[in-house]
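First comes the structure, then the notes that go with it.
The values are calculated or read from the model by the stated rules, or taken from the named source; none is laboratory data. No experiment lies behind these values; they were computed from the predicted model shown. Cβ coordinates were reconstructed from backbone atoms using ideal geometry, including for glycine residues, and neighbour counts include every protein chain displayed. Areas reflect the complete protein model, heavy atoms only, side chains present, ligands, DNA and RNA absent. Shrake-Rupley method; radii C 1.70, N 1.55, O 1.52, S 1.80 Å.
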Amino acid sequence: METSRNPYSPGAGAPPPELAGREGVLESAGNAIVRAKAGRAPKALMVLGLRGVGKTVLLNEFEKIAEANGSQTALVEAVANQSLAEMLTPQLQRILLKLNRLQRVGHELQRAFGLLRSFASVFKVRVGELEFGASNEPVTGDLSLDLTDLFVAIGEAAKARNTVIAILIDEVQYLTQEDLSALIVALHKISQRRLPLVFFGAGLPQLAKLAGDAKSYAERLFEYPPIGPLDSESARRALVEPARSEGAEFSDDALEHILEQTRGYPFFLQVWGAHAWDAAKLTPINAADAKAATTRAIAGLDEGIFKSRFERMTERQRQYARAMAEFGAGPANSTAVAELLGMNVKQAGPVRDELIKKGMAYSPNRGDVAFTIPLFDEFMRRRMAGPGKGPRAARKVGGN
Ligand SMILES: Nc1ncnc2c1ncn2[C@@H]1O[C@H](COP(=O)(O)OP(=O)(O)OP(=O)(O)O)[C@@H](O)[C@H]1O
Ligand SMILES: [Mg+2]
């Protein structure tokens, strides 16, 4: 069918034509804003999930909800090698300017501007001219203390204007331990003071442990709604509704096939939906179209996101990942993976840690390791021969 009318949207952060199966978490976000406005400390939401489950899409939705409720928002994406101070300062400046527009400088706002100015200077962040605030608001150079003061000052300025501040951070697992810990300390203080500043974060599943290691009370501060594959009804809706809006339907066996192939993972649903649409001559999209979509989708992934991840791995990381893939889609036991590689756990540990650090794997439970990207195990088995079969065989199977 006409590509120009293809309704699906595979792509990082691309808003899906039908945001299926996330009603619960969207409601929690709405409640958090309402509670914050009423002076009842809400829990911070930290959305956890594998690659492509729709975390970024959700954060964008949270921002919309916050804006619709009259909140001031700051949305940033953490990247390796950028400090939290660098990331947040320009956004916080923008928020303060907005607060100033709501109601001209009051003493709290004056103080917040001054603090931000000192904060930027001590953490060496360059910002545009700050119009207001004395530059001699005291800061210590200790990120936890200074970020806490800054959040409190901004929270108080927001409270005086009867508005809510929403801070949203994507890819939180890339924050350094020090930054993450300072963020948690600052949010903890905000919650104790019941100030109207809400936090929404998103990241890979290992984040819960990172936060807990940084500060043991993180567990009580955050709510961690797990975001996973869609249940079969929502997955169907994610496929059927966009087609319907363009006057097309799916046959039941086509839907069954796509659900089985994608396991309900949102990114894959978009990829398969898009290919099935293109493959179909007319409505309904049938089983043959769905199977053609599978062929095209897998080829696309193998040359696209799977390949780019594979290329980012060193040879020993690939060997480790290939051994993991022997255990299928679920978590693999680290000891068993090491054994397959002819190593003990201690020898294999560093490779495993490298993969985790690169965001390719995580540890769902103590002693277990799993891929952060769904269907990656299948790709690894297509791409490389199994452990013990020698590099020559591996090259042959890999095809280059
Ligand atoms: N609830 C949903 N229903 C249908 N499609 C969805 C849903 N949520 C997300 N998608 C689609 O899934 C894809 C991935 O979404 P998104 O980029 O938000 O995932 P992510 O979890 O942030 O991934 P990553 O970890 O790689 O950043 C997009 O194409 C998006 O349109
Ligand atoms: Mg994302």
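Among the residues examined, THR295 qualifies as without any contact (Cβ under 8 Å) to a residue 12 or more places away in the chain and polar (S, T, N, Q).
The listed residues are ALA323, ALA290, and the only one of them that is in contact with a Pro (Cβ under 7 Å, 6 or more places away or on another chain) and not β-branched (Val, Ile, Thr) turns out to be ALA323. Per the conditions (1) within 24 Å of GLY39 (Cβ to Cβ); (2) touching a residue at least 24 places away in the same chain (Cβ under 8 Å), the sole criterion not satisfied by ARG104 is (2). Of LYS55, LYS43, LYS37, all but one fail to be touching a strand residue (DSSP E or B) at 6+ places or on another chain (Cβ under 8 Å) and more than 16 Å from ligand 2 (Cβ to nearest atom); the exception is LYS43. Is there any pair linking a residue in segment 70-83 that is open to solvent by 50 Å² or more (accessible area, probe 1.4 Å) to one that is assigned to a loop (DSSP other than H, G, I, E, B), with Cβ under 8 Å and at least six apart or on different chains, and which? These pairs meet every condition: GLU77/GLU171; VAL79/GLU171. Quick check on GLY201: is it closer than 19 Å to ALA32 by Cα and within 16 Å of ligand 1 (Cβ to nearest atom)? So GLY201 fits the description; yes. Of everything in segment 289-340, what is among the hydroxyl-bearing types (Ser, Thr, Tyr), in a helix (DSSP H, G or I) and surrounded by fewer than 17 Cβ atoms within 10 Å (Cβ to Cβ)? Give them in sequence order. Within segment 289-340, THR295, SER308, THR335 meet the criteria. Counting just the residues of segment 52-69 that are farther than 23 Å from LEU375 by Cβ and surrounded by fewer than 22 Cβ atoms within 10 Å (Cβ to Cβ), which one comes out farthest from ligand 1 (Cβ to nearest atom)? Residue satisfying both the conditions and the ranking: ASN69.
Of all residues in segment 1-33, those satisfying the criterion of being in a helix (DSSP H, G or I) and surrounded by 13 or more Cβ atoms within 10 Å (Cβ to Cβ) are VAL25, LEU26, SER28, ALA29, GLY30, ASN31, ALA32, ILE33. You will find that of LEU168, LEU180, LEU143, LEU207, the residue that is closer than 30 Å to PHE371 by Cβ and in contact with an Asp or Glu (Cβ under 7 Å, 6 or more places away or on another chain) is LEU168 and no other.
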